1. Would you kindly derive the ³J(HN,Hα) couplings of region 39-56 from the backbone phi angles with the Karplus curve 6.51 cos²θ - 1.76 cosθ + 1.60 (θ = phi - 60°), listing them in order in whole Hz, with x for Gly and Pro?
2. What pairs from LYS27/LYS87; LYS2/LYS27; LYS123/LYS161; LYS2/LYS54 go past 19 Å between their alpha carbons?
3. Cα gyration tensor of the chain, axes a ≥ b ≥ c as square roots of the eigenvalues: rounded (a/c below 1.5), prolate (a/b > b/c) or oblate?
4. For the chain, modelled as a GNM with alpha-carbon contacts under 10 angstrom, which of GLY41, GLY126, GLY53 fluctuates the most?
5. Classify region 84-163 from the C-alpha gyration tensor, please: rounded if a/c falls under 1.5, else prolate or oblate depending on whether a/b exceeds b/c.
6. Find the accessible area per residue for region 3-54; the probe is 1.4 Å, ligands and nucleic acids are left out, and the unit is Å².
7. Mean residue ellipticity at 222 nm from the helices of the chain, using -39,500 (n - 2.57) per DSSP H segment of n ≥ 4 over the full residue count, to the nearest 500 deg cm²/dmol?
8. Rounded, prolate or oblate for region 1-75? Axes are the square roots of the Cα gyration tensor eigenvalues, ordered a ≥ b ≥ c, and the cut-off for rounded is a/c under 1.5.
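The values are calculated or read from the model by the stated rules, or taken from the named source; none is laboratory data. These figures come from a predicted structure and were not determined experimentally. All Cβ positions, even for glycine, are placed from backbone atoms using ideal geometry, and neighbour counts span all protein chains on display. Side chains included, ligands, DNA and RNA excluded: accessible areas come from the protein's heavy atoms. Shrake-Rupley method; radii C 1.70, N 1.55, O 1.52, S 1.80 Å.
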Amino acid sequence: MKIGVFALQGAFAEHEHSLDRLGIQWKEIRRLADFTDDLDGIILPGGESTTQGKLLREEGLLVPVKEAILGGLPVFGTCAGMILLAKKLSNDENVYFDAMDVVVRRNAYGRQLGSFGATLDFKGIGSIPAVFIRGPFVESAGKGVDVLAKADGNIVAVRQKHMLATAFHPELTDDLRIHTYFSEIIRGKL
Ligand code: GLN
């Protein structure tokens, strides 16, 4: 298995570290030539979604990656990655991959609660540690979307077929179960 980790901006090295610990091969994607067809899945890291969207457009990656995702390429978006995957943002005009049937609110927790840690109950996994950094949450999810975790009543992890998104950062904890979960989606076991 080989996973493409988008490395335009943000917390990509931490995902690579998590994949290393699982013994999963990865490759950084910075430009169109890196987006080869030997990838079994891709990870969209946290960071700044507006900057990432701009860089994706400049590198000519936005449309081909969107087409690959809509064509079934497994994808895992964390934080800004969740924003890029959404079909709609409630407090931002932009739409990027337009792929997951969710309405996402950016910087959803206000200034005071911008960054915090929590323990969440993740469907099928159980109790997991979660780190939020000026993260989004899902305001509403369409019928085909499975809600996997909530924090204080807000939806913070979702899955729609081959697409997985979390508002928090599993790559910033030692817990590898969410990355394992994504690898099982890729293997078709989940
Ligand atoms: N606040 C960022 C945004 O709206 C996301 C934060 C993150 O990815 N940690 O793009």
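1. So the J values, rounded to whole Hz, are 8, 8, x, 9, 10, 9, x, x, x, 10, 5, 5, 5, 4, x, 5, 5, 4.
2. Details: LYS27/LYS87 27 Å; LYS2/LYS27 7 Å; LYS123/LYS161 15 Å; LYS2/LYS54 26 Å.
With Cα atoms farther than 19 Å apart: LYS27/LYS87; LYS2/LYS54.
3. Numbers: a/c = 1.39, a/b = 1.14, b/c = 1.22.
In terms of gyration-tensor shape, rounded.
4. It is GLY126.
5. Working: a/c = 2.20, a/b = 1.12, b/c = 1.96.
Here region 84-163 falls in the oblate category.
6. 44 Å²
7. Values: 5 runs with 46 residues, N = 190.
Theoretical 222 nm ellipticity from helices: -7000 deg cm²/dmol.
8. Values: a/c = 1.93, a/b = 1.21, b/c = 1.59.
Oblate, since a/c reaches 1.5 and b/c is not below a/b.
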